[in-house]
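The values are calculated or read from the model by the stated rules, or taken from the named source; none is laboratory data. Note that the structure is a prediction, hence the values are computed from the model and not measured. All Cβ positions, glycine included, derive from the backbone under ideal geometry; neighbour counts span all protein chains shown.
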Amino acid sequence: MPVPATQSAEANLIEIFSSIQGEGILVGCRQLFVRFADCNLDCRYCDTDFQAKYSCRIEDPPGSGQLRSIPNPIAGETVVELVRNWLAQAPGAYHSLSLTGGEPLLQAETLRHWLPELRELLPIYLETNGTLPRQLETLLPYLDWVSMDIKLNSQTELITDWDLHRRFLQLASRTACYVKMVVGENTPEHELQLGAELVADISAKIPLILQPVTCAGRIALSSRRLLAMQQLVAAIHANVRVVPQTHRFMDLL
Ligand code: SF4
């Protein structure tokens, strides 16, 4: 059965939940996560459930791990009301609102309607695969942080579009952005070099995170290999950190 059609100010969501950011430069910050359906890529390692469904899961109460369902598509007013309610229940707890997916920029049209009001409640953090620069540009006035991936062929088995990532990062660098590259045992030196050069060309201030791929809850490459990768990247772009997916170890959503 087809999922419901959406109006311009509605979106098919997968889930809304309260958790701790487990990746990147905001690791450890409490965020309110809004996960959008659909993605424009098909990465080999993807384990995210992003297929649009008839309903969206809402964590209720927030942080409990208990989920209830509401029908898709979801209107912006519903999300704003929920965010207001969660903020009132936990004053000061939330650092920001994370737009995640799937690929949230596929819903750029809807987000243009939603973000002005949501941003009055919390700063906005976008998690993106870094391949939709035109859509990003339309949302820049409403974004505080951008977490952007560079998708390496060795991990995704997709062709890496370096020019597209470059154009994306040039735009994202107008926000407090950082770049994440998922790396594995088989990541070749030339991919690390190209990624480091791309980020260094745009700004020495942009953090580049090497995120070791996780398999069955474990980091799937040796610490020796990670140290060697960090060393190689640092010779080109000194602002490099190794950060695994920490939420996996904390049993968080
Ligand atoms: S971009 Fe993210 S959500 Fe989309 S397929 Fe790749 S890992 Fe999955």
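Quick look at the numbers
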| item | result |
| --- | --- |
| In the range 129-159, the residues that are under 13 Å from the mean Cα position of the chain (by Cα) and within 14 Å of the ligand (Cβ to nearest atom) | Asn129, Gly130, Thr131, Ser147, Met148, Asp149, Ile150, Lys151 |
| Any chance Leu118 is within 16 Å of the ligand (Cβ to nearest atom), among the hydrophobic types (A, V, I, L, M, F, W, C) and touching a strand residue (DSSP E or B) at 6+ places or on another chain (Cβ under 8 Å) | no |
| Tally, over the range 190-240, of residues that are modelled with pLDDT under 95, more than 20 Å from the chain's Cα centre (by Cα) and among the hydrophobic types (A, V, I, L, M, F, W, C) | 3 |
| Filter result (within 16 Å of the ligand (Cβ to nearest atom), within 18 Å of Arg112 (Cα to Cα) and of a type in the set (A, V, I, L, M, F, W, C)) within the range 34-87 | Val34, Phe36, Ala37 |
| Criterion (closer than 13 Å to Cys43 by Cβ and in contact with a helix residue (DSSP H, G or I) (Cβ under 7 Å, 6 or more places away or on another chain)) met by exactly one of Thr156, Thr160, Thr187 | Thr160 |
| Output for the range 6-57, where each listed residue is touching a His at 6+ places or on another chain (Cβ under 8 Å), in a strand (DSSP E or B) and surrounded by fewer than 21 Cβ atoms within 10 Å (Cβ to Cβ) | Ser19, Ile20, Arg30 |
